[in-house]
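Following: one structure in C-alpha cells, then a few remarks.
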Amino acid sequence: MSQPASTVSQSAPSGNRIALAALILGGAAIGGSPIFVRLSEVGPMATAFWRVALALIPIFIFSIIKRKSAGPAPSTLADYALLILPGAILALDLAAWHLSITMTSVANATLLANLAPVFVALIGVAFLGASVTRIFTAGLVLALVGVVILKGGPAALGNGDLRGDAVAIVAAVFYAGYILAIGQLRSRFDTLRIMLWSTASAAVCIFPLAFFFEGNLLPASVYGWSIVFGLAFISHAGGQVAIAYALAYLPAAFSSLTLLLQPVVAAILAWVLLNEPLGPMQAIGGLVVLAGIAIARRG
C-alpha cells in the first residue's frame, strides 16, 4: 500500500527511487514552462488554456490504452467532484500566476509563487494532521534561500508591485492546494484517470478567462502552435503526469519542495535558449536549492 501523501514528516522512501526520479523529471519538465510562455504568440491566459487543452490529447490516448488496468472508476457524484477539484484549483493557480507576471517583476512573481511548499506544509499540519520535522523545515528554508539567491538576492524583491506580489502569493496557495488534492486522490485513483479529469476541468475553467480577458486565442503561425504544443505535451502532460505518479509514493510536502527545481531548470534553459546571463550568483543559488532538497529528504 502506498504511503499517505499528506504525511509531511516522512522522507522519500529508499525503495521508491522510480517515484523520486519521476518527481525530479516532472519538476524539470514544468521548469521549462516559463520559456514556452515567454515565446508564445498569444497572451498568458490563452497560453494557459492551450497548455491544458492540448495536453488532453496524449493523456486521453494513454488512458484509452490503459483502460483495462486503470483501476477503480468514479462511482458517485462525490468521486466526480473530487476528480474535477484539482483542475479547478490548477486553473486558478495558472490564472493568478500569469496575472502576477503582468503586475509585478518576474523575479518577484517567481519567488513568491515558489512559496507553495510552505503552504503545503502549513495546510498539512493545520488540516490533515501531519507533522513537520526540524530537518525538513531546515531543508525547506535552505531551498527557499537558494531560490532567492538564484533570482538575484533580496534586492530583487524591491522591484515589484505589492498588488502583483499578493497575486503571486495567491498563486502559491492555489498550487499548494492542487498538490495536496492530487496527493489525496492518488490513494484511490490511477494517475491517468486523475490527470484526465483534472486537466479537462482546468481547460473548462480557464477558457472563459482567456476568451473574455484576451480574446485572441489562436497562434498566428506554425511556430506559435509548436510552442503551445510543446508546453502542453512536455510541461503539462509530461511534467504533471510524472508528479501525479510520484505523489502516490512520496509525501506531498517533500514532493512540493522538490518542485523548487523548476526555477533552477528555467534559469538554465533561459541561458541556453534565450542567451540570458547565468552568473556565479545563479550557480550558487541552484546549488543551495539542491542542498536544501537533499537535507529535507532526510527529514
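DSSP H helices in the chain with Cα extent of 30 Å or more along the helix axis and mean Kyte-Doolittle hydropathy at least 1.6?
44-65, 191-213
Could you work out which residue, out of L94, L25, L218, moves most in a Gaussian network model of the chain, that is, has the largest mean-square fluctuation with Cα springs under 10 Å?
Highest fluctuation among the options: L218.
Per residue, how much accessible surface does region 189-258 expose to a 1.4 Å probe? Answer in Å², no decimals.
Accessible surface, normalised per residue, equals 36 Å².
Kindly report, to the nearest 10 Å², the accessible surface of F211 as traced by a 1.4 Å probe over protein heavy atoms only.
Only protein atoms counted, so the area is about 100 Å².
Please state the relative contact order of the chain as a whole percent: Cα pairs under 8 Å, 6+ residues apart?
45 percent
To the nearest 20 Debye, how big is the dipole of the chain about its Cα centre, given +1 on the beta carbon of each Lys and Arg and -1 on that of each Asp and Glu?
800 debye
At A294 and V204, where each label point lies 7 Å from the Cα along Cα→Cβ, what is the point-to-point distance in nanometres?
Each label point lies 7 Å from its Cα, and together they span 4.6 nm.
Give me the percent of accessible area attributable to carbon and sulfur for the chain, probe 1.4 angstrom.
72 percent
At 7 Å along the Cα-to-beta-carbon direction for both I65 and I135, put a label point, then send me their distance in nm to one decimal.
3.9 nm
Placing +1 on the Cβ of each Lys and Arg and -1 on the Cβ of each Asp and Glu in the chain, which of A203, I64, A267 has its Cα farthest towards the positive end of the resulting dipole?
Value: I64.
The values are calculated or read from the model by the stated rules, or taken from the named source; none is laboratory data. Keep in mind the model is a prediction, meaning the values are calculated, not measured. All Cβ positions, even for glycine, are placed from backbone atoms using ideal geometry, and neighbour counts span all protein chains on display. To get the accessible areas, we keep the full protein, side chains included, count just its heavy atoms, and leave off ligands, DNA and RNA. Shrake-Rupley method; radii C 1.70, N 1.55, O 1.52, S 1.80 Å.
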